[in-house]
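Trainee: Have a look at this one before I ask anything.
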Amino acid sequence: MTDHIVYEIDNSGIEPMSNTSNNPTFSEILTHRRQFLKGSLGTAVAAFMGTSLVACGGDDNKKKSNTSSSSSSSSSAPASSSSSSSSSLAPLLGFAAIAANRNDVITVPAGYTAKSFVPWGTPLTGSLPAYKADATNTGADQEQQVGAHHDGVFFFPIDAKTTHTNSSEGLLVMNHEYIDDKLFHKNGPTLGATRPADEVRKEIAAHGVSVIHIRKNASNWEVVTGSPFNRRITSGTPMDIRGPAAGSPLLATKYSPNGTATRGTINNCGMGATPWNTYLTAEENWAGYFVNKDATQAREHKRYGVPNKNGRYYWELADSGADEYVRFDASTKGATALDDYRNEPNTFGWMVEIDPFDPEGRPQKRTALGRFGHEGVIFAPAVEGKPVVCYSGDDSQNEYIYKFVSAEPFYKATAGGWLLNTGTLYVAKFNADGTGEWLALDVTNSNFTAKAAAAGVSFTNQADLLINTRTAADLVGATKMDRPEWGAVHPSTGEVYFTLTNNTARTEAQVDAPNPRANNATGHIIRWREDADKTTFKWDIFLLGGDVGTVTGTGTSAVTLTADNHFASPDGLLIDTRGVAWIQTDMSGTQQGSGPYGNNQMLAADPVTKQVKRFFVGPIDAEVTGVTLTPDLKTMFVNIQHPGDRSTPTSFTSSWPEGGGARPRSATVIVTKNDGGVIGS
Ligand code: FEO
Ligand code: CA
Ligand code: CA
Ligand code: CA
């Protein structure tokens, strides 16, 4: 290793906070903080519950009397005055909660089976190169194998475009967020003045997305070998840039002088399935993969935390000097932007649409949805003749939650990705009284332009605004949140739920009603209901993470976490078609190792009663992230990311899934109920 490079590969997955805006937290404008907090939370809950909950046919004004002995305190009170009477409904969650544990296996409730599936390195396309247990596969191999660090995932039934009912064959599409460089190569990464190009090629190929055609034969799910649908999309795959920012001079590069194309998608975390059955993959912590050594960084780099010393894995130092690698150095080098890659980072930070049923189709970056650390995206149920609505969180400390509303109405017969090219991007402001507002980020909106002018900030056009989405959101007074992760929409009530994973940077002075705890190490889940005009909403806090005894709410609506459901750092989230909320956790290795929660896990919740039960515990030092079900709800796919991520090249802290001391590998887990029933019932 040369002495002029200090290698500090950061695998925390958490971008350093880059929101230095003066945009105040609620409490900064209040003088009696504690009184405010106490009062405002109560007010917020009251405002939210003043709107009628319609889930699950509950009859109004009856208190649920929970007769369960195993998790009584978790569900001893109704979520609202209109919560249903348990006597008239079968319980949503029929399984026995499992205990937290620190085992290097998957744990599921009695009566369920969990099997690993399609781990990192599974041969998928081309010559189907076999996975090598000593991690000596080449870059070319990796381009034909399932990627690393499984994350957001969705099962598209093979008949998705028509009847959408097939539960025995489909396309399993999943993200590959990043790599553990120490486990990814036999001896860890080779670090010097340059890096071996094939190591870089392999790392780039392990990122991105896999499309995997799968079929159930008898009781086992198998990859359909040789299927034309099997596909790898990587951090090097050519893709188009579409929507208002396409063609902007700020996206022009040596590769795409007209600013309409780029190569690859990076750090794909959560996802969203569109109402027209395509897959949107989110670009989350992409900024760290680049380096810009300019003395002064442009706002479209600085506000996103592009490093000024080196990229996360030093891809810019590949010894071949090939254009596809040097592009990760965004320093100004040439005479103009067409001579270098100063704008390359601007082509990342978007939601990217992939049609898994079109294996030749180029992925499309949908710029109208904004540029930030997209965790994922969740669509409200599409309504014929109405605009398409989706929500996306920006997962960094003190960042925001956004909503996109299409300009054109949805019609099932003609719907497509074009609907995401025009529309309005909004950012959320959560008021202390339980109301909220969607603030338009639009250069033609007079409210927006007035605030921008008052702050002395300008955007040349909507493309400039979208490329600088975070800066635009700062101007309008959006609410700084505790790291927004996944969202979910309840299928019958339309309520939107968002996980706020944690925020240890929030100070006492920054506590506000929607983010009510300083040094929030355990996170919470917020939810809202849109008002009729769709520009305002009512919100409340659904659940606070924490140890046994943590209480959410007050009075008769209070719920208390127990040993059956205590959790921290909620992240992945899905509400299935039965209305079960599946909550996944992403605790750090330290939080898992030293806290009371055990390994990362998945809990099932009834959004109406707030009954919560632990359903799944992952292996050692892994994240449980990404969950999807077949239409019949009888097969669940759950992703396990970075098992053993505190390993060294010679000492593994996990050997999941193979066991026996094998190198740990991210993989999918298939969960079924032994009696063939619905998962969670
Ligand atoms: Fe990739 Fe915000 O988790
Ligand atoms: Ca992760
Ligand atoms: Ca996540
Ligand atoms: Ca996370």
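Every read-out reported here was derived from the displayed coordinates using simple, explicitly stated rules and does not represent laboratory data. The structure presented is a predicted model; accordingly, all values stated were derived computationally and were not measured. Cβ coordinates were reconstructed from backbone atoms using ideal geometry, including for glycine residues, and neighbour counts include every protein chain displayed.
Trainee: Can you tell which of PRO257, GLY226, ALA245 lies farthest toward the positive end of the dipole of region 119-275, using +1 and -1 charges on the Cβ of basic and acidic side chains (Lys, Arg; Asp, Glu)?
Mentor: Final value for the positive-end residue is PRO257.
Trainee: In addition: Each label point is 7 Å from the Cα along the Cα-to-Cβ direction; what then is the distance between the points at ASN445 and ALA90, in nm?
Mentor: Result for the modelled spin labels: 4.5 nm.
Trainee: Now, a different point. So what's the net charge close to PHE430: Lys and Arg +1, Asp and Glu -1, counting the other residues with Cβ under 12 Å from its Cβ?
Mentor: Every neighbour counted, the sum reads -1.
Trainee: Picking from PRO607, MET17, GLY555, whose Cα lies most toward the positive end of the charge dipole for the chain (charges on Cβ: Lys, Arg +1; Asp, Glu -1)?
Mentor: Of PRO607, MET17, GLY555, it is GLY555.
Trainee: Aspartates and glutamates within cross-link reach of LYS202: Cα-Cα under 17 Å, excluding same-chain residues under 8 positions apart?
Mentor: The qualifying aspartates and glutamates are ASP134, ASP141, GLU143, GLU177, ASP180, ASP181, GLU316, ASP319, ASP323, GLU324.
Trainee: Roughly how many Å is it from the Cα centre of region 108-147 to that of region 270-305, as a whole number?
Mentor: Comparing the Cα centres of region 108-147 and region 270-305, I get a distance of 27 Å.
Trainee: Okay, moving on. Whole number please: convex hull volume per residue of the Cα set in region 566-645, in Å³?
Mentor: It comes to 77 Å³ per residue, whole-number rounded.
Trainee: Could you tell me the calculated FRET efficiency between ALA563 and THR336, based on Cβ-Cβ distance and R0 = 60 angstrom, to the nearest 0.05?
Mentor: 0.45
Trainee: Starting from the Cα of ALA521, step 7 Å toward the Cβ, then list every residue of region 579-620 with an amide N under 17 Å from that point.
Mentor: Answer for region 579-620: 586-600.
Trainee: Let me ask another. Roughly how far apart, in whole Å, are the Cα centres of region 335-405 and region 651-681?
Mentor: Between the Cα centres of region 335-405 and region 651-681 lies a distance of 31 Å.
Trainee: Also: So if I take the alpha carbon set of region 523-566, get Rg, then get Rh from the Kirkwood formula, what is the Rg over Rh ratio?
Mentor: Numbers: Rg = 13.3 Å, Rh = 11.8 Å.
That ratio equals 1.13.
Trainee: Just need the relative contact order of the chain here, percent rounded to a whole number, with Cα pairs under 8 Å and 6+ apart.
Mentor: Values: 1873 pairs, mean separation 121.9, N = 681.
Normalised by residue count, the contact order of the chain is 18 percent.
Trainee: With respect to the cross-link table entries LYS365/LYS534; LYS365/LYS412; LYS161/LYS216; LYS610/LYS673; LYS132/LYS634; LYS216/LYS610, which display a Cα-Cα separation exceeding 30 Å?
Mentor: On the way: LYS365/LYS534 26 Å; LYS365/LYS412 22 Å; LYS161/LYS216 20 Å; LYS610/LYS673 23 Å; LYS132/LYS634 33 Å; LYS216/LYS610 34 Å.
In this structure, LYS132/LYS634; LYS216/LYS610 exceed 30 Å between Cα atoms.
Trainee: Can you give the Kirkwood hydrodynamic radius for region 215-260, in Å, rounded to one decimal and based on Cα pairs? Don't skip to the end; give the middle numbers.
Mentor: Details: mean 1/r = 0.0715 Å⁻¹.
Result for region 215-260 stands at 14.0 Å.
Trainee: Let me ask something additional. Taking the Cα centre as origin and putting +1 on Lys and Arg beta-carbons and -1 on Asp and Glu beta-carbons, what dipole magnitude results for the chain, to the nearest 20 debye?
Mentor: It works out to roughly 900 debye.
Trainee: Let me ask something additional. Semi-axes of the equivalent ellipsoid for region 496-599, please: Cα gyration tensor eigenvalues, times 5, square-rooted, ordered largest first, whole Å.
Mentor: Calculated on Cα positions only, the semi-axes equal 23, 17, 14 Å.
Trainee: Multiply the residue gap between GLU658 and LYS186 by 0.36 nm, knock off their C-alpha separation, and tell me the result in nm, one decimal place.
Mentor: Stretched fully, the GLU658-LYS186 segment lengthens by 168.2 nm.
Trainee: Got a sec to turn the phi values of region 317-328 into Karplus ³J(HN,Hα) couplings, 6.51 cos²θ - 1.76 cosθ + 1.60 with θ = phi - 60°, whole Hz, x for Gly and Pro?
Mentor: For region 317-328, the Karplus curve yields 9, 3, 6, 6, x, 5, 4, 5, 9, 5, 4, 6 Hz.
Trainee: Straight-line reach only, C-alpha to C-alpha below 17 angstrom: list the lysines that LYS254 could link to, leaving out same-chain residues fewer than 8 apart.
Mentor: Output for LYS254: LYS333.
Trainee: Moving on. Show me the three semi-axes of the equivalent ellipsoid for region 158-276, from the C-alpha gyration tensor (sqrt of 5 times each eigenvalue), largest first, rounded to whole Å. Intermediate values should be presented prior to the final figure.
Mentor: Numbers: eigenvalues 193, 121, 23 Å².
Values for region 158-276, descending: 31, 25, 11 Å.
Trainee: Through the Karplus equation 6.51 cos²θ - 1.76 cosθ + 1.60, θ set to phi - 60°, convert the phi angles of region 558-564 into ³J(HN,Hα) values in whole Hz; use x for Gly and Pro.
Mentor: 5, 10, 10, 6, 10, 5, 7
Trainee: As a test of understanding, state the convex hull volume per residue of the chain from its alpha carbons, in Å³.
Mentor: 149
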